[in-house]
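Visitor: Questions regarding the structure given below will be posed in turn.
Just so it is clear, none of the values below were taken in a lab; they were calculated from the coordinates. Note that the coordinates shown come from a computational prediction; the quantities given were computed from them, not determined experimentally. In this analysis, Cβ positions are derived from the backbone assuming ideal geometry, glycine residues included, and neighbour counts consider all displayed protein chains.
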Amino acid sequence: SGARVRRAQNKRLPQYLERGVDVKFTDVAGLGKIRLELEEIVKFFTHGEMYRRRGVKIPGGILLCGPPGVGKTLLAKAVAGEAGVNFFSISASQFVEIYVGVGASRVRALYQEARENAPSVVFIDELDAVGRERGLIKGSGGQERDATLNQLLVCLDGFEGRGEVITIASTNRPDILDPALVRPGRFDRKIYIPKPGLIGRVEILKVHARKKPMAPDVDYTAVASMTDGMVGAELANIIEVAAIYMMRDGRTEITTDDLLQAAQIEERGMLDRKERGPETWKQVAVNEASMAVVAVNFPDLKNIEFLTISPRAGRELGYVRMKMDHMKFKEGMLSRQSLLDHITVQLAPRAADELWYGKDQLSTIWAETADNARSAARTLVLGGLSEKHYGLNNFWTEDKINDIDTEALRILDICYERAKTILGQNRELMDALVDNLVEKKSLTKQEFFNLVELHGSVQPMPPSI
Ligand code: ADP
C-alpha cells in the first residue's frame, strides 16, 4: 500500500550493511587450527545464551592480525555467514582519509545500524589507521583521528547484550595500537593469520579453482611451489589472470601453463612493489592520476586535496584525497548521482590501465578500487536507486538476486565507459600529472589545479542509467 511504501522510503538505508553474506568457512583455505578459534566465535552467536548462563564472558572484539591479503576480511565474512547474522563493514582508513571531519559520526552510525540489525558482525578493516596510539600524530589530522578513536572506544564499551554485536577488526600492526583498544572487554582476543605455506597455497588455489573451468590435469603443487611468500589475494589473482589467458586464446579450459604464466606476472608485481623501478612509479602514477582526473569532473568529488604515489603504512599504492560534502555524508543523503560518480572514479584505474597499457598488459593494480566500485554498485541497486526498486522490500529469491547482480553489472559497465571517455578526453592532463607525480611523488591541491587549468578539459558529464 501507499503508506507502506512511504514508510520504507523514509527509513534510512543501512549504509554499511552487506546483505546475504554467503561466505562459509569452506571458502577460506589453508587455515589449519585457526579455524577452531573462529568456530568458537560463531558459537558466541549460535549458543550465546549457554555462554552467558555459564558465566563465560563473550569478547567484545576480536583482532585478526596478519599481512594484507591473507584472508582476514574473508574470515570475518565467513563468521557472519556461518552464524547467519548480518555483516557490517568499513575500512578504518575511510574514517580518516577521505571524509575529513566525519570519522566519529560514521563510527556512531555504523554501530547504531549494527545494533538495529542485530545479531551482527561489525568488521573494521585496517584498524591501525584509526587505532594508532593517541597523541602520536601531531596537528589537526591527529585530533580528528583521536576523536574517531574515542568514539570507537565508547561504542565498543556500550553493549549490554554482549554477543548480539561482535566487532572483528583487522590489522597488520597490532604492536602500534592504542593500549586502550586492547584492554579487557574491548579487543581482548587476538588471532594471528600467517602467510600460507605450500599446502595452504595448494588449498587456496583449489578453492578459487572451484568456480573456474579448470583442465582436469592441472598441477596445483607446481603453481604453489613457485609462489612462495604469496598470500591468498595474490593466489586468487593468479587464477583470474590465468582465466584471461584462456579467454584470450579462445580456449575453454585453464591449463597449468596459464597458471604458471600468471604466477610469473604476479611475482614480478610483488618484486616491483618492494623496490619500485621507474616503470612501476609510473604505473602507480597513472593509477592515482586517473582517479583525480575523473573525480574533478564531479560536483561532490571535485575537491581534490592531495595526491601522492608514495607508499604509506599498510597501503601498497598511493592515494588521492577528496573532500566530500560533509553534511550530505553525515545525513546519509548521498544522491544517486554522487554514487554513480563515486563508482566512476573507482573504475578509473581500471580504465586507465586499459587505455595506457592495453588490454593484453592489464595488471591487477586496480583490483581494490574495482572492488569498491562493485560494492557501491550493489549499494545503489539494493538502496532502490536504480531504475529497478529493489530497495523497498526484503524478500529474496534466487531470480531477484540474479537480477540485482545484472543491474549492478549494467551500472558498472556504464560507469566504466564514462571513466574511459573522460580519461580519453584528458590524455594531455593525464600525461602532465603522471610526469609531475613521478618526479615529485606528491602534488598539493594548488599544484594539481594548476595542471588542470593548463591541460584539462573538464566538462561535467551527467549520468544516465
Ligand atoms: P585481508 O583482509 O587479510 O587483507 P582479504 O580477506 O581481503 O585479505 O583477501 C582478499 C581476497 O583474497 C579474498 O576475497 C579471497 O578471494 C582471497 N583470499 C585471501 N586469503 C584466502 C584464503 N585463506 N582462502 C581463500 N581465499 C583467500
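Visitor: Taking region 144-227, which trypsin sites (Lys or Arg not before Pro) meet the DSSP loop condition and have no more than 16 other C-beta atoms within 10 Å?
Guide: Sites meeting the loop and neighbour criteria: Arg162, Arg210, Lys211.
Visitor: Further, regarding this structure: If amide H atoms are built 1.01 Å from N in the plane of the peptide, which residues on other chains or at least 5 residues away come under 5 Å of the amide H of Phe123?
Guide: Phe88, Ser89, Ile90, Ile168
Visitor: Below 14 angstrom from the Cβ of Glu37, what's the summed charge of the other residues (Lys, Arg +1; Asp, Glu -1)?
Guide: Surrounding charge for Glu37 is +2.
Visitor: Compute the FRET efficiency between Gln361 and Asp219 as 1/(1 + (r/R0)^6), taking r as their Cβ-Cβ distance and R0 = 35 Å, and round to the nearest 0.05.
Guide: FRET efficiency, Gln361 to Asp219: 0.85.
Visitor: Applying the Karplus parametrisation 6.51 cos²θ - 1.76 cosθ + 1.60 with θ = phi - 60° to the phi angles of region 335-341, what ³J(HN,Hα) value in whole Hz is obtained for each residue in order, glycine and proline being reported as x?
Guide: Residue by residue, region 335-341 yields 7, 4, 4, 4, 5, 4, 5 Hz.
Visitor: So, in nm, how far is label Asn450 from label Asp175 when the simple model puts each one 7 Å beyond its Cα toward the Cβ?
Guide: Label at Asn450, label at Asp175, 4.0 nm between them.
Visitor: Same structure again: 7 Å from Cα along Cα→Cβ at both Asp403 and Gln261: what's the point-to-point distance in nm?
Guide: Calculated label separation equals 4.1 nm.
Visitor: Would you please put 214-224, 242-252, 62-72 in order of how densely packed they are, using the mean number of other Cβ atoms within 10 angstrom per residue and starting with the highest?
Guide: The peptides rank, most packed first, as 62-72, 214-224, 242-252.
Visitor: Under 5 Å between amide hydrogens, which residues at least 5 positions from Met214 or on another chain qualify, with H placed 1.01 Å from N in the peptide plane?
Guide: The list, which skips near neighbours in sequence, is Ile254.
Visitor: Let me ask something additional. For region 179-190, take each phi angle, set θ = phi - 60°, evaluate the Karplus expression 6.51 cos²θ - 1.76 cosθ + 1.60, and give the result in whole Hz per residue in order, putting x for glycine and proline.
Guide: Rounded to whole hertz, the list is x, 4, 6, 9, 5, x, x, 9, 7, 9, 10, 10.
Visitor: While we're here: Read phi for every residue in region 362-378 and hand back ³J(HN,Hα) as whole Hz from Karplus 6.51 cos²θ - 1.76 cosθ + 1.60, θ = phi - 60°, with x for Gly and Pro.
Guide: With coefficients 6.51, -1.76 and 1.60, one gets 3, 10, 10, 4, 9, 4, 6, 5, 4, 4, 4, 4, 4, 6, 5, 5, 5 Hz.
Visitor: Given all pairs of different Cα atoms, what value in angstroms does the Kirkwood hydrodynamic radius of region 145-222 take?
Guide: After inverting the pairwise mean of 1/r, the radius is 16.4 Å.
Visitor: Place the peptides 358-364, 445-451, 279-285 in order of packing, highest mean first, counting for every residue the other Cβ atoms within 10 Å and averaging per peptide.
Guide: In descending order of packing, they fall as 279-285, 445-451, 358-364.
Visitor: Which cross-chain or sequence-distant (5 or more) residues have an amide H under 5 Å from the amide H of Lys190, H modelled 1.01 Å from N in plane?
Guide: Residues meeting the criterion, in which the H sits 1.01 Å from N, are Leu63.
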